[in-house]
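S.K.: Sharing a structure with you now.
The values are calculated or read from the model by the stated rules, or taken from the named source; none is laboratory data. Everything numeric here is computed off the predicted structure, so don't read it as measured data. Quick reminder, even Gly has a Cβ in these numbers, built from the backbone with ideal geometry, and neighbours come from all protein chains shown. Note: areas computed on protein heavy atoms with side chains; ligands, DNA, RNA excluded. Shrake-Rupley method; radii C 1.70, N 1.55, O 1.52, S 1.80 Å.
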Amino acid sequence: MNAELLSKINKLEKEAMVLEPNKNQRDEWLLQVQTYCDKFIDNIDINKTFIKDLPDNFFKTSNIKDDPENLKTCLDILEKHVDYIGLNPASGGHMGYIPGGGIYTTALGDFMADITNRYAGIFFGGPGAVRMENMLIDWTAKLINYPKGALGNLTSGGSIANLIAITTARDAKNIKSHNITKSVIYMTSHTHHCVDKAIRIAGLSETIIRRIPLDKSFRIDTDALEQLLKDDKSAGLNPFLVVATIGTTDVGAVDNIEKIGKLTKAYDTWFHIDAAYGGYFILVDELKERFKGVESSDSLVIDPHKSLFLSYGTGIVLVKDGKKLHESHYYKANYMKDAIANATVPSPADLSPELTKHFRGLRFWLSLKLFGLKPFKAGLLEKHLLCKYFHSAIESRGFIVGPKPELSVCIYKYKTSQIDSNAFNERLVENIHADGRVFVSSTTIDGEIWLRMAILAFRTHKYHIDKCIDMLMDGVEKTKLELY
Ligand SMILES: *Cc1c(COP(=O)(O)O)cnc(C)c1O
């Protein structure tokens, strides 16, 4: 035996063992982290939702060192340089973009998933974890009435979920170099930009992209779509994919899914629905009607980190004919021999680009288990009604409003005859961001600037809407003083 070698291993073992903190150390750290998080939550309504960033060189100048620092130092850095600048997406005052909030139980699930580090990529390695994720996917597939045989994947978010769906559509419709320039994709100017991105990443930029005109409520004009399909077909083109949305990001519009389902069937076109934002509103009886025909789609994206309030990091893609999803994403490698021989249940790794992945099912499952569905349904209907409340409240205060909210997003702008509407509303948004009590964002539609109200954070309640209305009215006064 080489004594020198053994003594070296011994010494290294002692040094490396620091990576396994003892119970005392774990307790001490947990308590400090818990105290930090409690303070964050307890002060969430006192603190601003948006604080404009200032130049900060901290992370540029602080290096990772050989020696450890204590947790207190790290938490101070977080507090000073990360958690209280920019937008606070966990706040009930977050009503910009598409919020979600991040319910507490997500963190508990993540904590356990990280400690146990279950392998959720392949059934052979983590049968329980994969069964749990498959159950959640099946549960969601049942909500939208997909038949048996549908498969899906828990992704990191809606963008990757859309990419998986677009890739599957490409292969299912056999889009290859010989027909790509004759193949047509139909979407609108309000389709989420991640679909454009997915089209490019999936190698489909040489297809013809038709922007379907919108109707007065910013939905797909289905007559126009029918005409486009008809014209393209008779011109010898290959209409291959239609993308509809349940809850557009811009204005919250829900497309006429039933009608589009019929058209895509008649023209043998892949029908994809992006319900990343709006999907789980299907849980609300009062809003189910808006989902009529959803099962006629071939694929669908739905984000638990939006309309199920989970913290960032969980989306879902569903494909009605699960075989198609598998055909586009399975793989075989020599070193995976054992796993393939034992495959009796679909594995996430065969249905997505990922292999090793976070066990993101646990945060999702634990949240539904600990709360039951009732508070989710109540919360979603509450957000819808809050949006209606805001829509009429703001209209009565001199704002022009867009269509009545279908789910929980609406648009509005201040009506002014004194100066250019865009100049006024642009300045209004700047003033509101400088105020920061709550956060709202804006969008441009046909060259017109509109403010958006997006109510989906689980912490947003009537109190925040009233605070928002106060802030808007103060903003209007300030803007008038500045511009009139
Ligand atoms: C948020 C959103 C996306 C993108 O999803 P991420 O989870 O942010 O990647 C796609 N489509 C719609 C309609 C969305 O609202």
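S.K.: Provide a single number: the residues in segment 432-468 that are in a strand (DSSP E or B) and either over 20 Å from Lys413 (Cβ atoms) or open to solvent by 50 Å² or more (accessible area, probe 1.4 Å) (or both).
M.R.: Of the residues in that region, 3 qualify.
S.K.: In segment 253-285, how many residues are in a helix (DSSP H, G or I) and either within 12 Å of the ligand (Cβ to nearest atom) or within 23 Å of the chain's Cα centre (by Cα) (or both)? I'd like the intermediate steps shown before the answer.
M.R.: We begin by selecting, within segment 253-285, every residue in a helix (DSSP H, G or I); these are 257-266, 279-283, 285.
Going one step further and asking which of them are either within 12 Å of the ligand (Cβ to nearest atom) or within 23 Å of the chain's Cα centre (by Cα) (or both), we end up with 257, 279-283, 285.
The number of residues fulfilling the criteria is 7.
S.K.: Name the one entry in Lys52, Lys39 that is within 16 Å of Leu78 (Cα to Cα) and of a type in the set (D, E, K, R).
M.R.: Numbers: Lys52 fails: within 16 Å of Leu78 (Cα to Cα).
None of the other options fit; the residue is Lys39.
S.K.: Among the numbered criteria (1) farther than 19 Å from Lys357 by Cβ; (2) within 16 Å of the ligand (Cβ to nearest atom); (3) in contact with a helix residue (DSSP H, G or I) (Cβ under 8 Å, 6 or more places away or on another chain); (4) not in a strand (DSSP E or B), which one does Thr191 miss?
M.R.: Of the numbered conditions (1) farther than 19 Å from Lys357 by Cβ; (2) within 16 Å of the ligand (Cβ to nearest atom); (3) in contact with a helix residue (DSSP H, G or I) (Cβ under 8 Å, 6 or more places away or on another chain); (4) not in a strand (DSSP E or B), the odd one out for Thr191 is (3).
S.K.: Does any residue in segment 38-59 that is open to solvent by less than 60 Å² (accessible area, probe 1.4 Å) come within less than 6 Å, Cβ to Cβ, of a residue that is among the β-branched types (Val, Ile, Thr) six or more places away or on a different chain, and which pairs are these?
M.R.: Thr49/Val438
S.K.: If you don't mind, there's one more thing I want to ask. Out of the residues in segment 136-162 that are without any contact (Cβ under 8 Å) to a residue 40 or more places away in the chain and assigned to a helix (DSSP H, G or I), state the one that is nearest to the ligand (Cβ to nearest atom).
M.R.: Trp139
S.K.: Right, next: Could you list, in sequence order, all residues of segment 197-214 that are more than 11 Å from the ligand (Cβ to nearest atom) and open to solvent by less than 60 Å² (accessible area, probe 1.4 Å)?
M.R.: If the condition is that a residue be more than 11 Å from the ligand (Cβ to nearest atom) and open to solvent by less than 60 Å² (accessible area, probe 1.4 Å), then Ile199, Ala202, Gly203, Leu204, Thr207, Ile208, Ile212, Leu214 are the ones that fit.
S.K.: Ala172 passes all but one of (1) open to solvent by 10 Å² or more (accessible area, probe 1.4 Å); (2) within 15 Å of the ligand (Cβ to nearest atom); which number fails?
M.R.: Going through (1) open to solvent by 10 Å² or more (accessible area, probe 1.4 Å); (2) within 15 Å of the ligand (Cβ to nearest atom) one by one, Ala172 breaks only (2).
S.K.: Filter segment 294-308 down to the residues that are open to solvent by 10 Å² or more (accessible area, probe 1.4 Å) and either in a loop (DSSP other than H, G, I, E, B) or within 15 Å of the ligand (Cβ to nearest atom) (or both) and list them by number. Spell out how you get there, then give the answer.
M.R.: Restricting attention to segment 294-308, the residues satisfying the condition of being open to solvent by 10 Å² or more (accessible area, probe 1.4 Å) are 295-296, 298, 305-306.
Across segment 294-308, the qualifying residues are Asp298, His305, Lys306.
S.K.: Between residues in segment 369-389 that are touching a residue at least 24 places away in the same chain (Cβ under 8 Å) and residues that are part of a helix (DSSP H, G or I) and surrounded by fewer than 16 Cβ atoms within 10 Å (Cβ to Cβ), which pairs lie under 7 Å by C-beta distance while being six or more apart or on different chains?
M.R.: Qualifying pairs under 7 Å: Leu381/Glu286; Leu386/Lys462.
S.K.: Test Leu325 against the criterion of being of a type in the set (A, V, I, L, M) and either surrounded by fewer than 24 Cβ atoms within 10 Å (Cβ to Cβ) or touching an Asp or Glu at 6+ places or on another chain (Cβ under 7 Å) (or both), and give yes or no.
M.R.: So Leu325 does not fit the description; no.
S.K.: From the set of residues in segment 225-251 that are part of a helix (DSSP H, G or I) and open to solvent by 20 Å² or more (accessible area, probe 1.4 Å), which is farthest from the ligand (Cβ to nearest atom)?
M.R.: That would be Ser234.
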